[in-house]
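*Asks:* One structure, as C-alpha cells, below. Some questions next.
The values are calculated or read from the model by the stated rules, or taken from the named source; none is laboratory data. This one's a predicted model, so the numbers in the text were calculated from it and none came from an experiment. Heads up, the Cβs are rebuilt from the backbone with ideal geometry, glycines too, and the neighbour counts pull from every protein chain shown.
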Amino acid sequence: MSTQATMTPVFPTFEQVFQGFAGQIGMLRQMAPKPTLTDDVRVERAIDTLIAETNADEAVWLESCIHCGQCTTACHYFQATGESKYAPMRKMELYRRVYQREIGPFRWWYKLITRPIKLQDLEELQELVYDSCSECGRCTMVCPMGIDTASLVHHQRSALVAAELVPPELAALHAEQKHMGTIFGASAAALMKMVDTIRDHYGVEIPVDKPAAEVMVLSSAVDLVANGNGLLATAKVMNHLGVDWTICSDGFESANFGLLSGDMSLWKRQVDPIVAAAKRIGAKTLVIAECGHAYPALRWNPMVKGEDLPFDMVYMSEYMGRMAKEGRLKLSPIEGKITYHDPCKTGRRGGAFDEPRAVLKAMDADYVELPSGREYNWCCGGGAGIFLLERATRLRDESFKIKLNQVNATGASTVVVSCASCRLNFEAGRVKNHWDKEVASLVELVADHLIDQPIAAGEGVRA
Amino acid sequence: MSLLEFARGPAIHWSLIILVAGVIWRLLGVLVLTRGADLSRPRDAFGNFKGYRTVFSRSWPSGEFTTATRYQTIMAYFFHIATLIVVVGITPHIEFIQSLTGASWPALPNALGVAIGTIALVSLIALIMRRLSKPKVYCSNIGDYITWLLVATPLVTGLMAFAHIGPRYETMLAIHILSVAVLFVWFPFSKLMHSFWFIFSRAQSGLSYAHKGVRI
Amino acid sequence: MVEQSTLGDLLRSQGVSRRAFIKFCSATASLMALPEGLVPAIAEALEQAKRPSVIWLSFQECTGCTEALTRSHAPSLESLIFDFISLDYHHTLQAASGRAAEAARERAMEENQGSYLVLVDGSIPRVKAYSTIAGISNLDMLIETARGAAGLIAVGTCAAYGGLPAAAPNPTDAVAVSDLVHDKPIVNVPGCPPLPIAITGVIAHYLTLGVLPELDALGRPLAFFGETIHDRCYRRPFYDRGLFAETFDDEGARKGWCLYKLGCKGPVAYNACANVKWNQGVSFPVQSGHGCIGCSEPSFWDNGGIYESIARGQFGTGPKIATAALVGAAAGAGAALLARNKKEKKAAAHSATE
C-alpha cells in the first residue's frame, strides 16, 4: 500500500468499500420485484423447470443418497449451526420428490404415496438452496456415493427463479441485469468514467475498445462502482506484462446474476456479448476478473461449446500464474507469512489451484497451506450470492468462524483471496471478529509488488 | 403346503422375479434418460477419463475426512464385507446360488460362517445405534428404518436357524428364506439400490470434476 | 393267537432270557424319554400285559411297513411283541380269507368295543372305487372300524400323511387317516417304512401306561421323532467343517463326508434312524452312503428331488427370471423414454415463456 500512501486517496480502502457496499445491498431489498403470477402457476413453473433440467446425471444423484449423514461433516453451514435442516442431503429432498413424482421410473407409484408440491414447500426451500448453500461442493468430497449436491441445489435455484421465489437482493440484481444489462448501475458509461479516473489520477492507461487485441480483459461491478483499486491493479499488471490487451465496453461484466440466481437463460444471455466481443477483436485469451462465480459462468459454461471458441478463457489468478511460470511477471519479495484461500468456484469447482500459488511463489512468499487446503478448502460462507443476503447474516458469520480458525491455525499474517465475493465476506468477518489478519486480493497484491514497471504506469502521477 | 415349501417355492420364486424386474426397471428408467452435455472445453484433453478413478478412490474417505467418518467407515466395511462373505460363503447359500446359476465353489466351515454372520449383525447394530443417537446428522426417514430391519432380519433368522434357537429348524429355515424374499422384494424400491448407483454416481461426479481438472 | 396268556409267558416260551427282556425295556424307556427308574415298572407291566385286540387295516400301501416289522433276518423282540398282540385282522398275515376274514374283523370290533386298537397302513382314496376290500371301500371301512376303537396308529407315511399315493397328481385323491378320523386319538408313526421300534414302542407305551405317547405338531411320538437325522448324524462334524461329498464316487464320498450337497434331507427329517438304525443296529441310509430322503415328513415325494439339497429353491427359474428381466427392461426403458418426451415438452414450454 506504500505507493498509494503518496497519492491522493481517490479510491477508498477496501474496508470503506465494504461498508459502502453493505449500504447498497440494503437498498436492494426495496428494489426487489414482487411476484406477478398466481400460486399455482408459480408451482407449476418450478416443477416444469426441474423436469426440463433433469438428466440421467441428476436422476442418478437423486437416487443414490443413502442418508449416511457424512455430508454433514463437510458442510460449513451445518458444522457452524448444528441444525439438521442444513444437512446437505436435505437440500435435495424436494428435488427428489419432484423427480420421483414426475420422471422417476416409478413415478406412477410415487404420485400415489407422496404429497404434491405446494408453494409453501418452495418457500421453505428458498432458505435451503440460497441462504444455506454456497454450492461449494465440499460435501461431494466426502459423500461415499460422490453425489454432486451443489449441482442439484443449482437446479432448484432455477426452479425458484421460475417460481418467482429468488431472495430479494438477488432478485433485484437479477432483474437489473436482465432488464438493464447492468449490476449496481455499472454501465458502459460507468466503465468509461472509471477508466478516465484511473488515467487522470494514476496515469495508468486502460485501452478500451481496441478493434483488435491479443487479450481481452473483463471487469466487474464491484470494481466499477466501489473498488476502483481492483481495475487499477488489473491495468497495472497487464501493462507490466506488456501484452496487447483491451477492455470491450460491450462485454466487460464478469458478474453473472443469471448463474447466481439460477436463471439459465440469463446466464447464457450475459455470456453471449462477451464471446461476441472477444471473437470480434480476435482475442486469443479472455481474462476473467477476480469474481469467483464468473469463472464457472464463462470458462465452465456448459452451454457454450468450447471447441468453437478461438480463444482461451482464464481466471485472473490463472493468467497471472501462467505469466509467473513463464517468468514474465517480475515481482518483488513479499514479507510475512502468507496463506491462500481457494474460492470454491475457482478451486474445487474450477480447478485453478496451481496458478495462484505460482504467483505467490514468484513473490518469494513464506507460503503456508491452509489445514484443509485445495480440494478440501472450507468455503468462506459468502459464496454463490449469499454475501448479498441479509437474512443469511447469521449463517455467514457463524460459518466464517471455521475459516477464521483455519487461517489462524496456519500462523499466517495475511490471507490472500482471489474473488471479490470471498474478499467482501472475509472483510465482514475481519471487522466483526476484530481479526488481526490482513485480507488481500491477489491481483492487488501483485500490482503492489511489480518491479521494473513500464514507463506508462505510475511515473506520470509521481512527477 | 408347509411354510418351508411356501418359502422355498412360490415366495422366493416371486421375490426373485420382482427383484430382477424391479432392479432393471429402476436402472433403465434412470439410465435411459437424456445425458446432459457439458460443452465447455476440458482442462486437459484426456483428463476426463481420469474421472473414472473416483469410482474406486471413493471407496475410502480421503485423509481430510478420516476422523469424522472413521466409525461409520469401519462399521460399514465390516458390515458389507461380512455380509458378502456370509451370502456367498456358506454351504446352503452356495447351494441356492448353484440352483439359480449353476456356479459353485468351496464353502467356509460353519464356525467361520457363524462368526462372520455375527460380525455382520453386530456392525449393523452398531450402525443403527449411531443413526438413532444422531438424528440431526442422519435425517432418517421411514425407509431407512425399514431397510435396516429387512437387512437385519435375514442375518438374525439365519443365525437362529443355524443355532437351533426358536422354532424348529424347518420353520426357522422357512422364516429365514421368507425374510430374504421380503428383502428381495424391497430391494429395487429402496436405498439398497445404492449397490448399483454408487458406480454411476461416483463416475459422473468424477468425470464432471475431472473435466475441470479437479481430482475428487 | 390262542389262549389269553401274558407277554411274559410268551417271551419265556420263545426262549427270550430275562436279561434280554430287561435290556429291551430299558432301551424302550430311554427311547421314549421315560425315567430310568420306570424300567422295572415297565418290565413288570409288560410281563403282565394282556393281549390287546388289534385290527390292522391295509389300504393303498405296499406292505413295506409290515415287511419292515416282520421280515427282519432273525426274530427280534420287536417282532415278538408284535406277535404277542391279538392281531385279529391283517390281510397279509391272517390265514382266513374272504367272508371269514371280514367276519373276524366284525367280531373283534364287537367283542372289544371301545378298547381295540386300529393300526392303519396305506392312504385312503377318497375316490372310493380305487381300492376296496371285500366290496367295502377303504374309506367306509376306516370310518366304520374307527368308530369303536380306543385309538388309531397310522403306520407309515401313507397312512400318516398320504405318502406316495397322495403325491402329485394324486389321481385317487388319497388322504391320511387324520384327514378322515377326527374324534379318536391318532398316533402317526411315519416313515417309508417306519422304524419297527417306533411301531412297537408306541404299542409298548400303550400296553404299559394305558395311554398313547406324547406327540409333536405332526402327530408323531416325540420319543422317536423329536430330533432331526442331521442333529444325530455321525457325519455332522463334516458338515460343520464344510466337508462335503460332491458326487457319490468322489474322494469325499469315500471318506464319508457329509451328504448335504447330494440332497440329504437330514436337517429337516425328524426320525430316530441315526440313533437306533436298521437291521438290529447295522446301519441306516446315511451310513450306507446315501442321503436321507426325509421319508418321515409330509409330502416328501413332492418336496423337490431326492438329490437336490434343501437349500435349493423349488422352481424352474431360468426362463421366468429372463422374462422378468425383459419385462423390467421394457418398463424401465419405456418409463425413461416417456420421461424424455415429457422433459422435452417442458423444456420447450419453458423457453417459450422466457
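*Asks:* Among the residues of region A:318-335, is there at least one that is free of Cβ contacts under 8 Å to residues at least 60 places away in the same chain, in a loop (DSSP other than H, G, I, E, B) and within 21 Å of the chain's Cα centre (by Cα)?
*Replies:* No, there is no match, as no residue in region A:318-335 is free of Cβ contacts under 8 Å to residues at least 60 places away in the same chain, in a loop (DSSP other than H, G, I, E, B) and within 21 Å of the chain's Cα centre (by Cα).
*Asks:* From the list B:Gly117, B:Gly89, which residue is surrounded by 14 or more Cβ atoms within 10 Å (Cβ to Cβ), farther than 30 Å from A:Phe78 by Cα and modelled with pLDDT of 95 or more?
*Replies:* On the way: B:Gly89 fails: modelled with pLDDT of 95 or more.
Residue meeting the stated conditions: B:Gly117.
*Asks:* Okay, moving on. Quick one: is B:Leu27 at pLDDT below 90 and surrounded by 16 or more Cβ atoms within 10 Å (Cβ to Cβ)? I'd like the intermediate steps shown before the answer.
*Replies:* On the way: at pLDDT below 90: no; surrounded by 16 or more Cβ atoms within 10 Å (Cβ to Cβ): yes.
Criteria not met by B:Leu27.
*Asks:* For region A:51-75: of the residues being part of a loop (DSSP other than H, G, I, E, B) and of a type in the set (S, T, N, Q), which is farthest from C:Lys343 (Cα to Cα)? Walk me through how you get there before you give the answer.
*Replies:* Initial filter on region A:51-75 (part of a loop (DSSP other than H, G, I, E, B)): A:54-55, A:65-70, A:75.
If we keep only those that are of a type in the set (S, T, N, Q) too, we end up with A:54-55, A:70.
Details: A:Thr54: 8, A:Asn55: 9, A:Gln70: 32 Å.
Top of the filtered list is A:Gln70.
*Asks:* Where the second residue is of a type in the set (Ser, Thr, Tyr) and buried (at least 18 other Cβ atoms within 10 Å of the Cβ) and the first is under 26 Å from A:Asp312 (Cβ atoms) and lies in region B:45-58, which pairs have Cβ atoms under 7 Å and are six or more apart or on separate chains?
*Replies:* What qualifies is B:Gly51/B:Tyr209.
*Asks:* OK, next. What are the pairs with Cβ atoms under 9 angstrom where one residue, in region A:36-56, is free of Cβ contacts under 8 Å to residues at least 12 places away in the same chain and over 13 Å from C:Ala349 (Cα atoms) and the other, located anywhere, is in a helix (DSSP H, G or I) and β-branched (Val, Ile, Thr)? Sequence gap at least six, or different chains.
*Replies:* From residues that are free of Cβ contacts under 8 Å to residues at least 12 places away in the same chain and over 13 Å from C:Ala349 (Cα atoms), the pairs are A:Ala56/B:Val30.
*Asks:* Looking at region A:259-282, can you tell me whether even one residue there is away from chain B (no Cβ under 14 Å), over 21 Å from A:Cys344 (Cα atoms) and assigned to a loop (DSSP other than H, G, I, E, B)?
*Replies:* Among the residues of region A:259-282, at least one is away from chain B (no Cβ under 14 Å), over 21 Å from A:Cys344 (Cα atoms) and assigned to a loop (DSSP other than H, G, I, E, B), which makes the answer yes.
One line per residue, one yes/no per condition, for (1) facing another protein chain (nearest Cβ under 9 Å); (2) more than 22 Å from the chain's Cα centre (by Cα):
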residue: B:Leu183; (1), (2): no, no
residue: B:Phe187; (1), (2): no, no
residue: B:Ser195; (1), (2): no, no
residue: B:Phe200; (1), (2): yes, no
residue: B:Gln204; (1), (2): yes, no
residue: B:Gly213; (1), (2): yes, yes
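*Asks:* Can you confirm whether region B:73-81 contains a residue that is within 30 Å of C:Gly294 (Cα to Cα), more than 8 Å from every other protein chain (Cβ to nearest Cβ) and not aromatic (Phe, Trp, Tyr)?
*Replies:* Here is the first cut: in region B:73-81, the residues within 30 Å of C:Gly294 (Cα to Cα) are none.
No: zero hits.
*Asks:* So which of C:Gly328, C:Gly332, C:Gly294 ends up being buried (at least 23 other Cβ atoms within 10 Å of the Cβ), within 12 Å of another protein chain (Cβ to nearest Cβ), touching a Phe, Trp or Tyr at 6+ places or on another chain (Cβ under 6 Å) and assigned to a loop (DSSP other than H, G, I, E, B)? Working first, answer last.
*Replies:* Details: C:Gly328 fails: assigned to a loop (DSSP other than H, G, I, E, B); C:Gly332 fails: assigned to a loop (DSSP other than H, G, I, E, B).
So the residue among C:Gly328, C:Gly332, C:Gly294 that is buried (at least 23 other Cβ atoms within 10 Å of the Cβ), within 12 Å of another protein chain (Cβ to nearest Cβ), touching a Phe, Trp or Tyr at 6+ places or on another chain (Cβ under 6 Å) and assigned to a loop (DSSP other than H, G, I, E, B) is C:Gly294.
*Asks:* Can you find a residue that is within 7 Å of chain A (Cβ to nearest Cβ) and of a type in the set (Gly, Ala, Ser) anywhere in region B:11-32?
*Replies:* The initial filter retains those residues of region B:11-32 that are within 7 Å of chain A (Cβ to nearest Cβ), namely B:25-26, B:29-31.
Remaining after also requiring of a type in the set (Gly, Ala, Ser): B:29.
Checked region B:11-32: at least one residue is within 7 Å of chain A (Cβ to nearest Cβ) and of a type in the set (Gly, Ala, Ser).
*Asks:* Next up: If I filter region B:89-96 for residues that are within 11 Å of chain A (Cβ to nearest Cβ), more than 17 Å from B:Ala181 (Cβ to Cβ) and either of a type in the set (Val, Ile, Thr) or touching a Lys or Arg at 6+ places or on another chain (Cβ under 6 Å) (or both), do I get at least one hit? Outline the logic, then answer.
*Replies:* First, pick out the residues of region B:89-96 that are within 11 Å of chain A (Cβ to nearest Cβ): none.
The answer is no; no qualifying residue exists.
*Asks:* Could you please let me know if C:Val202 is within 29 Å of B:His164 (Cα to Cα) and in a helix (DSSP H, G or I)? I'd like the intermediate steps shown before the answer.
*Replies:* On the way: within 29 Å of B:His164 (Cα to Cα): yes; in a helix (DSSP H, G or I): yes.
When the stated conditions are applied, C:Val202 passes them.
*Asks:* Could you go through region B:38-54 and let me know if any residue there is more than 10 Å from chain A (Cβ to nearest Cβ), charged (D, E, K, R), under 21 Å from the mean Cα position of the chain (by Cα) and not in a loop (DSSP other than H, G, I, E, B).
*Replies:* There is no residue in region B:38-54 that is more than 10 Å from chain A (Cβ to nearest Cβ), charged (D, E, K, R), under 21 Å from the mean Cα position of the chain (by Cα) and not in a loop (DSSP other than H, G, I, E, B).
*Asks:* Looking at region A:52-68 only, could you name the residues that are facing chain B (nearest Cβ under 7 Å) and either among the hydrophobic types (A, V, I, L, M, F, W, C) or surrounded by fewer than 23 Cβ atoms within 10 Å (Cβ to Cβ) (or both)?
*Replies:* Correct list: A:Asn55, A:Ala56, A:Ala59, A:Val60, A:Trp61, A:Ile66, A:His67, A:Cys68.
*Asks:* Please determine, by comparing only the residues of region B:141-173 that are over 23 Å from B:Ala82 (Cβ atoms) and among the polar types (S, T, N, Q), which one is nearest to the other protein chains (Cβ to nearest Cβ).
*Replies:* B:Asn141
*Asks:* I'm checking my understanding of the structure. Among residues of region B:1-10 that are among the small types (Gly, Ala, Ser) and within 8 Å of another protein chain (Cβ to nearest Cβ), which one is farthest from the chain's Cα centre (by Cα)? Let's see the steps before the verdict.
*Replies:* Step one: of region B:1-10, the residues among the small types (Gly, Ala, Ser) are B:2, B:7, B:9.
Narrowing further to those that are within 8 Å of another protein chain (Cβ to nearest Cβ): B:2, B:9.
Details: B:Ser2: 30, B:Gly9: 24 Å.
Only one residue fits best here, namely B:Ser2.
*Asks:* Going residue by residue through region A:226-245, is there one that turns out to be among the β-branched types (Val, Ile, Thr), free of Cβ contacts under 8 Å to residues at least 60 places away in the same chain, crowded, with 17+ Cβ neighbours inside 10 Å and touching a helix residue (DSSP H, G or I) at 6+ places or on another chain (Cβ under 8 Å)?
*Replies:* Of all residues in region A:226-245, those among the β-branched types (Val, Ile, Thr) come to A:234, A:237, A:243.
Retained after the next criterion (residues that are free of Cβ contacts under 8 Å to residues at least 60 places away in the same chain): A:243.
Okay, now just the ones that are also crowded, with 17+ Cβ neighbours inside 10 Å, so A:243.
Going one step further and asking which of them are touching a helix residue (DSSP H, G or I) at 6+ places or on another chain (Cβ under 8 Å), we end up with none.
Among the residues of region A:226-245, not one is among the β-branched types (Val, Ile, Thr), free of Cβ contacts under 8 Å to residues at least 60 places away in the same chain, crowded, with 17+ Cβ neighbours inside 10 Å and touching a helix residue (DSSP H, G or I) at 6+ places or on another chain (Cβ under 8 Å), which makes the answer no.
*Asks:* Please list, ordered by residue number, the helices (runs of 4 or more DSSP H) wholly in region C:215-268 having 2 or more residues that are exposed (fewer than 14 other Cβ atoms within 10 Å of the Cβ) and more than 9 Å from chain B (Cβ to nearest Cβ). Outline the logic, then answer.
*Replies:* Details: elements: C:222-225, C:236-240, C:251-254.
Those helices (runs of 4 or more DSSP H) span C:251-254.
*Asks:* Hey, any hits in region B:62-70 for a residue that's touching a Phe, Trp or Tyr at 6+ places or on another chain (Cβ under 8 Å), free of Cβ contacts under 8 Å to residues at least 40 places away in the same chain and polar (S, T, N, Q)?
*Replies:* Yes, some residue in region B:62-70 is touching a Phe, Trp or Tyr at 6+ places or on another chain (Cβ under 8 Å), free of Cβ contacts under 8 Å to residues at least 40 places away in the same chain and polar (S, T, N, Q).
*Asks:* Still on this structure, please answer the following. I'm checking my understanding of the structure. Among residues of region A:21-37 that are away from every other protein chain (no Cβ under 14 Å) and among the polar types (S, T, N, Q), which one is farthest from the chain's Cα centre (by Cα)?
*Replies:* Applying the first criterion (away from every other protein chain (no Cβ under 14 Å)) to region A:21-37 yields A:21-35.
Pick out the ones that are also among the polar types (S, T, N, Q) and you get A:24, A:30.
Working: A:Gln24: 18, A:Gln30: 24 Å.
The selected residue is A:Gln30.
*Asks:* Additional query: Checking B:Glu5 against (1) surrounded by fewer than 16 Cβ atoms within 10 Å (Cβ to Cβ); (2) at pLDDT below 90, which test does it fail?
*Replies:* Among (1) surrounded by fewer than 16 Cβ atoms within 10 Å (Cβ to Cβ); (2) at pLDDT below 90, B:Glu5 violates only (1).
*Asks:* For region B:120-140, which positions are facing chain A (nearest Cβ under 9 Å) and either more than 24 Å from A:Cys75 (Cα to Cα) or of a type in the set (D, E, K, R) (or both)?
*Replies:* Residues satisfying the conditions are B:Arg130, B:Arg131, B:Lys134, B:Lys136.
*Asks:* So which residues in region C:94-115 are among the small types (Gly, Ala, Ser) and either loosely packed, with under 10 Cβ neighbours inside 10 Å or in a helix (DSSP H, G or I) (or both), if there are any at all?
*Replies:* Pass one, region C:94-115, residues among the small types (Gly, Ala, Ser): C:95-98, C:100-101, C:103-104, C:108, C:114-115.
Once the filter is applied, which keeps residues that are among the small types (Gly, Ala, Ser) and either loosely packed, with under 10 Cβ neighbours inside 10 Å or in a helix (DSSP H, G or I) (or both), region C:94-115 yields C:Ala95, C:Gly98, C:Ala100, C:Ala101, C:Ala103, C:Ala104, C:Ala108, C:Gly114.
*Asks:* I've got another one for you. Of everything in region C:269-290, what is within 13 Å of chain B (Cβ to nearest Cβ) and of a type in the set (Gly, Ala, Ser)? Give them in sequence order.
*Replies:* Scanning region C:269-290 gives a single hit, C:Ala269.
*Asks:* Only one residue in A:Phe78, A:Phe14, A:Phe18 is within 14 Å of chain B (Cβ to nearest Cβ) and not charged (D, E, K, R), so which one is that? I'd like the intermediate steps shown before the answer.
*Replies:* Values: A:Phe14 fails: within 14 Å of chain B (Cβ to nearest Cβ); A:Phe18 fails: within 14 Å of chain B (Cβ to nearest Cβ).
Answer to the check: A:Phe78.
Yes/no per residue for (1) within 18 Å of C:Gly219 (Cα to Cα); (2) modelled with pLDDT of 95 or more; (3) in contact with a helix residue (DSSP H, G or I) (Cβ under 8 Å, 6 or more places away or on another chain); (4) of a type outside the set (A, V, I, L, M):
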site	(1), (2), (3), (4)
C:Phe84	no, no, yes, yes
C:Tyr89	no, no, yes, yes
C:Gln94	no, no, yes, yes
C:Ala101	no, no, no, no
C:Val118	yes, no, yes, no
C:Ala134	no, no, yes, no
C:Ala167	no, no, no, no
